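The values are calculated or read from the model by the stated rules, or taken from the named source; none is laboratory data. Keep in mind the model is a prediction, meaning the values are calculated, not measured. Because the Cβ atoms are built from the backbone with ideal geometry, glycine has one as well, and the counts that use them run over all protein chains shown.
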Amino acid sequence: MNYWEKEKECERLFQEGGPFFMVTTENLPWLLFTSDREFMDGTNMVAVALAGLGIRLLNYVQMNNHLHFVVEGPLEMVNLFVERLRKAMSRYQLAKENPSLAEWEIQVKPILDLRNLRNAILYVSRNPYVTGRNCTPGGYKWGGAQLMFNENVVYYNPGVSFGELKFREKRLITRQRNIDMPQEYRVWDGMILCASFVDYRRSEGFFESAHQYFHLLSRKVESDAETARWVGENILLPNEDVFRIVSDWFKVKTVRLLTPAQRLEAARRMKAELMSNNKQIAQVLSLPIYQVDQFFPVAKDN
């Protein structure tokens with residue numbers, strides 16, 4: 001198939017599938033996970049909350065104070081997944097003497113077209129890189145991006161099947177009396193491997209090719225800001241990405257070539273479209289910080 005035929009196939013897959021949703025939790029002022037072991041516990045809680053619901057998890061990411069999911073399936077089942085996860089995480093956090101998650105805001109937003117589905121999948125994949133920048137999107141351990149278009153997945157530690165575990169080991173993983181989990185799930189070091197419950201092959205089908213996925217993942221940082229506004233999350237894009245975006249806006253090789261009027265217009269768009277803070281605007285546009293603070297008097301940097 002040529003490119004346009006593949007694009008039509010992606011659109012057909014979207015139209016015949018669904019419904020699709022973006023599930024995102026609010027950023028907490030404390031840390032949900034503070035060690036690899038706790039992130040592994042969080043992975044298990046996601047897998048257990050999904051079990052038996054018949055919904056597809058297309059991508060997800062665990063950050064240390066929030067989570068994102070892209071899911072496909074009936075809304076009532078998605079809401080049940082959310083409530084299961086909320087209860088499990090609440091019990092876990094209370095055991096660590098953290099505040100209760102009873103009022104934890106979790107948004108479930110419908111995804112209505114293929115473009116936004118792609119943006120949601122890409123946003124989740126890029127989230128660790130954009131917010132922390134301590135790894136590549138595919139190198140983050142606590143999410144589904146590591147699986148996308150990765151032929152080396154077959155060489156990962158296969159672990160053992162959940163069905164092979166002893167009863168006590170199953171109880172430690174599920175943290176509940178009900179241990180009715182898919183017996184084929186793979187377990188390593190007490191953690192259900194995300195390749196068992198992330199339908200990454202389904203996600204790949206919504207992209208024309210691995211090349212398209214990687215191109216959008218690497219270059220479509222504007223969509224990150226758009227998606228962040230949609231889910232109500234504050235992100236700060238890397239300065240080098242913002243330099244490129246601003247240069248593209250005004251068709252110049254470097255932002256140093258912008259006129260004073262263009263710099264002010266760029267500052268306005270950076271604030272509105274990229275959610276840049278005053279410090280980043282001053283750095284990228286080579287403006288005095290006091291001038292930016294006057295331009296955006298209510299948007300002081302944290």
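Values computed for the structure shown
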| quantity | calculated |
| --- | --- |
| Test for Gly163: is it small (Gly, Ala, Ser), farther than 19 Å from Glu38 by Cα and surrounded by fewer than 18 Cβ atoms within 10 Å (Cβ to Cβ) | yes |
| Hits in the range 33-62 - residues which are buried (at least 22 other Cβ atoms within 10 Å of the Cβ) and touching a Pro at 6+ places or on another chain (Cβ under 7 Å) | Val61 |
| Residue list for the range 244-267, filter: within 28 Å of Ser218 (Cβ to Cβ) and touching a residue at least 24 places away in the same chain (Cβ under 8 Å) | Ile245, Val246, Val255, Arg256, Leu258, Arg263, Ala267 |
| Residue list for the range 252-302, restricted to those being in a loop (DSSP other than H, G, I, E, B), farther than 12 Å from Val242 by Cβ and not β-branched (Val, Ile, Thr) | Lys253, Leu258, Ser286, Leu287, Pro288, Phe296, Pro297, Ala299, Lys300, Asp301, Asn302 |
| Test for Glu83: is it more than 16 Å from the chain's Cα centre (by Cα) and among the charged types (D, E, K, R) | yes |
| Which listed residue, of Gln212, Gln176, is part of a helix (DSSP H, G or I), of a type in the set (S, T, N, Q) and outside the structural domain of Glu273 (by TED's automatic domain parsing) | Gln212 |
| Within the range 33-67, tally of residues that are under 20 Å from Arg201 (Cβ atoms) and in contact (Cβ under 8 Å) with a residue 24 or more places away in the chain | 13 |
| Selected residue (criterion: farthest from Ser196 (Cα to Cα)) from residues of the range 128-172 that are at pLDDT 85 or above, touching a helix residue (DSSP H, G or I) at 6+ places or on another chain (Cβ under 9 Å) and of a type in the set (S, T, N, Q) | Asn150 |
| Hits in the range 86-114 (condition: assigned to a helix (DSSP H, G or I) and surrounded by 12 or more Cβ atoms within 10 Å (Cβ to Cβ)) | Arg86, Lys87, Ala88, Met89, Ser90, Arg91, Tyr92, Gln93, Leu94, Leu114 |
| Residue match in the range 50-60 (condition: among the charged types (D, E, K, R), under 17 Å from the mean Cα position of the chain (by Cα) and more than 23 Å from Gln176 (Cα to Cα)) | no |
| Selection count where residues are modelled with pLDDT under 85 and among the charged types (D, E, K, R), scope the range 99-125 | 1 |
